[in-house]
Amino acid sequence: MPSIRGNVRVAFEFSLPSVCGNVRVAFEFTLGPLRLQEAFVASEASVFMNQPPPHMSRPSIIIKLILGLLWTITHLAISFLNLWSHLIYSLECYLISSGLLRKYQNLHLGRLKCLAIVVDSKEAKSTVKVKQLLCWLSSMGVKYVCLYDIEGVLKRSFEPAVNVSRDRTAGEHFGIGANIKDLHRSQREMVIDCLSGSDGKEGIAKAASLLCSTYFNGDTHGDGKRKPAFTEADMASALKAVGCGGPEPDLLLMYGPARCHLGFPAWRLRYTEITYMGPLKSMKYGAIVKALYNFSKKHQNYVLQIRYTN
């Protein structure tokens, strides 16, 4: 493509079809030392960039506006309901902590033999919050607590088994009302057990290896050896033998951004009630009391199957 030296004045005129008829467009400009092809492409780009948007019919515009309005109203309604429920929940937790709701003052925790606390590993680094949570649970009368995080942060911060003496002034120290101290007056100790993700997969692998070695080292050899038929009791005893056994939690409280148990050993969650408590940094005393109260009011039905053999 040859180039043109010096300034060149270019003028052209053409018509464009539109809704209102043909529109005549005229251009006149001066070119420097450019190639003719580059100048033509540049002029074409400017023409198409300055085109008006395609024409929309009136019904399509009305439908688009109605859909946008419905989406906005739905979004505002959901946001309002979420905000309202959060305010009601915060107000209820405050009233429980203040002792104004009397039904939460008498907690019947006879069915709560073991309480599991699952904490996100990032939030588990806040040992102050965890100690505050343990102090609250001790003042409520919880006897056995199982702490769990997948990376073992709590396991490194706390000893595997530690006894926490109950302190009647713990409620005052953490800003709890004086009437909360009278929930339970007995001076008993709370046992703490710490678990991590390694107690899950590694524990089940060790138990399976133990069962397998026990089977192959049995008295029966050769063709007389029957196929293994491991029962749930065999697996429980194997887990206990490798140090991964323990009581099954009656209630599990989850703290963190995700609504999941984060790999808590599944064989210890057969009949466990699971409650999501939100982030650990925003934990509330009233929320814990409410969770324990709701658990005390629930009834679990167990089915007992009896087979008769002749």
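Values in this text are rule-based calculations from the coordinates and carry no lab data. Here the structure is a predicted model, which means the values were calculated and not measured. In this analysis, Cβ positions are derived from the backbone assuming ideal geometry, glycine residues included, and neighbour counts consider all displayed protein chains.
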Seminar exercise, completed: Note: Gln105 to Lys201 extended length (0.36 nm per residue) minus current alpha-carbon separation gives 30.5 nm
Exercise. For the peptides 246-253, 266-273, what is the packing order when you average, over each peptide's residues, the other Cβ atoms within 10 Å and list the highest mean first?
Worked result: 246-253, 266-273
Problem set entry | Placed amide H near Cys194: partners under 5 Å, 5+ positions off or other chain | Leu147
Seminar exercise, completed: Assertion target for Lys240, Lys284, ordered by fewest C-beta neighbours within 10 angstrom first, is Lys240, Lys284
Problem set entry | Calculated FRET value between Leu70 and Glu151, using beta carbons and R₀ = 51 Å, to 0.05 | 0.70
For this session: Given the peptides 61-72, 99-110, 139-150, arrange them by the average over their residues of other C-beta atoms within 10 Å, most packed first.
Result: 139-150, 99-110, 61-72
Problem set entry | Among the listed pairs Lys103/Lys298; Lys113/Lys281; Lys155/Lys240; Lys131/Lys281; Lys122/Lys281, those beyond 22 Å (Cα-Cα) | Lys113/Lys281
For this session: Take peptides 114-121, 73-80 and line them up by average Cβ neighbours within 10 Å, highest first, as a rough protection proxy.
Result: 114-121, 73-80
Exercise. Based on the Cβ-Cβ distance of Leu91 and Thr272, what FRET efficiency does E = 1/(1 + (r/R0)^6) give at R0 = 30 Å, to the nearest 0.05?
Worked result: 0.55
Problem set entry | Linear extension gain, Leu83 paired with Ile61, 0.36 nm per residue minus alpha-carbon span | 4.6 nm
